[in-house]
Amino acid sequence: MLRDYLDKLKTRSRDILGPQIETLRGRVDPYVAQARARYQKLETRERILVQICAALIGIFLFYDLIYSPIVDYSAGLDQQTAERERDLASVRRLAANYAAVKTDLESAEHSTVPGGKDFSLFSVVESAFTSSVGRDRITSITPAADKKLADGLVQHSVQLKLENVNLGQIVDALYAVHTLPVPVGVENLRIQRRSQNTHSYDVDITCVALSHNG
């Protein structure tokens, strides 16, 4: 690739500068001849100094006209490549996120309860906890407002407070929720030991279920 670039640069320079160089050469040749004649008359030490100056000028012209443009061109290609790699990585991350969200939505759709007025999460949860821990251990059951989610899904939630229950009753309550005939999950669970009896606990629990809107 670098060789092709140099060949194109050389051909383009020859086409553009060829006529001007020929004209300039015709004007400069007499001065060059005079300079050569003067150079031949110089002493050896003076010739060495002239050669050093000519070498420095040649190095400067090479760096400014050839090396620097090639480096800039290569740096530009590297920057474009890096930008495209970053863009490709971003696209891949977005695709992965989309696939994950799609999988979650499909899973949620398969874990929904029957929609409509016939379903009551309050009644389902109340029955499960009454049979597992007893109605006297339930201090409150509070249904929360339904929350609309994406793709027509609705989240139902019920908050319960249990009082003076032991670990076995807590396990029974969670198992009762897990084995319900409809998919109900536990979103939040907080267990606090009672100060009067270290073997008894107060429990705050939030049960949730999803349904399709309409």
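The values are calculated or read from the model by the stated rules, or taken from the named source; none is laboratory data. Bear in mind the structure is a predicted one, so any value in this text is a computation, not a measurement. Backbone-built Cβ (ideal geometry, glycine too); neighbour counts: all protein chains shown.
When region 186-214 is filtered for residues that are within 19 Å of residue 123 (Cα to Cα) and in contact (Cβ under 8 Å) with a residue 40 or more places away in the chain, the ones remaining, listed by number, are 204, 205, 206, 207, 208, 209, 210, 211, 212. On the stretch given as region 133-166, residues that are among the charged types (D, E, K, R) and either in a strand (DSSP E or B) or outside the structural domain of residue 201 (by TED's automatic domain parsing) (or both) total 4. Return yes or no: is residue 68 surrounded by 11 or more Cβ atoms within 10 Å (Cβ to Cβ), at pLDDT 70 or above and among the small types (Gly, Ala, Ser)? So residue 68 passes the test. For residues in region 167-208 being assigned to a loop (DSSP other than H, G, I, E, B) and more than 30 Å from residue 119 (Cβ to Cβ), which is modelled with the highest pLDDT? Going through the qualifying residues, I end up with 200.
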